[in-house]
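Worksheet: the structure to be examined is printed underneath.
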Amino acid sequence: MDDEFEDVLTAVGPRLRALRVAAGTTLNQLSETTGISVSTLSRLESGLRRPTLELLLPLAKAYGVPLDELVGAPETGDPRVHLRPLKRNGRTIIPLTRRLGGIQAYKMIIPQEPIGELRVHEGYDWLYVMSGRLRLMLADKEVVLTPGEAAEFDTHVPHAFTSADPRPVEILTLFGSQGERMHVRARPATSS
């Protein structure tokens, strides 16, 4: 088998896992959505099962991504990111990066909703408020961020966030696997 083809197949599992983690979905939830057994999904993500079109099509539909994104098809030369908003639990999530793995960028529009159970998972998160006010819960601390403010945290810390007001909050978020951190460098504003 061609080495390049083998590399493409090997990369599918980590892409699937990154999509699932970014979506905040469990293997059980994904199994219910796709009709694919939990054990098959787990083996796909770990590379113990070869991906087939029969398995990849329902996964692409569940994640709202094109099939070529799951398999890492070669780029077409068009550098634009084609935004495909996803709706999850009343939130609009717009992926801003095409490449899976590494740091992922998203724009999120979040309505005001009660803070439910705080979640923990692998990764590191960076949030920037574009408009509205964001209520961020980190363990037993609550912080309200306003436009232009940013926060970063290890996602092993129990966390949740929502709009702090009746109107939705718009944020940019960068999410990376454990140990990856966003470092922000900004020049001081100059007066005109």
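Bear in mind that the values in this text are calculations on the coordinates, not laboratory data. The structure displayed is predicted, hence computed values, not measured ones. In this analysis, Cβ positions are derived from the backbone assuming ideal geometry, glycine residues included, and neighbour counts consider all displayed protein chains.
Observations on the model:
- Annotation: the residues Tyr63, Tyr128, sorted from fewest to most other C-beta atoms within 10 Å of their own C-beta, follow the order Tyr128, Tyr63.
- Rg to Rh quotient for region 86-176, alpha carbon positions, Kirkwood Rh: 0.93
- Order of Met137, Met130, Met108 under a 10 Å beta carbon neighbour criterion, fewest first: Met130, Met137, Met108
- Note on Lys87: lysines with a C-alpha under 18 Å away, same-chain residues under 8 apart excluded, are Lys61, Lys107.
- Using R0 = 22 Å, the C-beta based FRET efficiency linking Asp7 and Ile103 works out to 0.55.
- Under 5 Å, built H, 5+ apart or other chain: amide partners of Ala164: Arg133, Leu134, Arg135
- Ascending count of other beta-carbon atoms within 10 Å, so fewest first, for Asp7, Asp140, Asp125: Asp140, Asp7, Asp125
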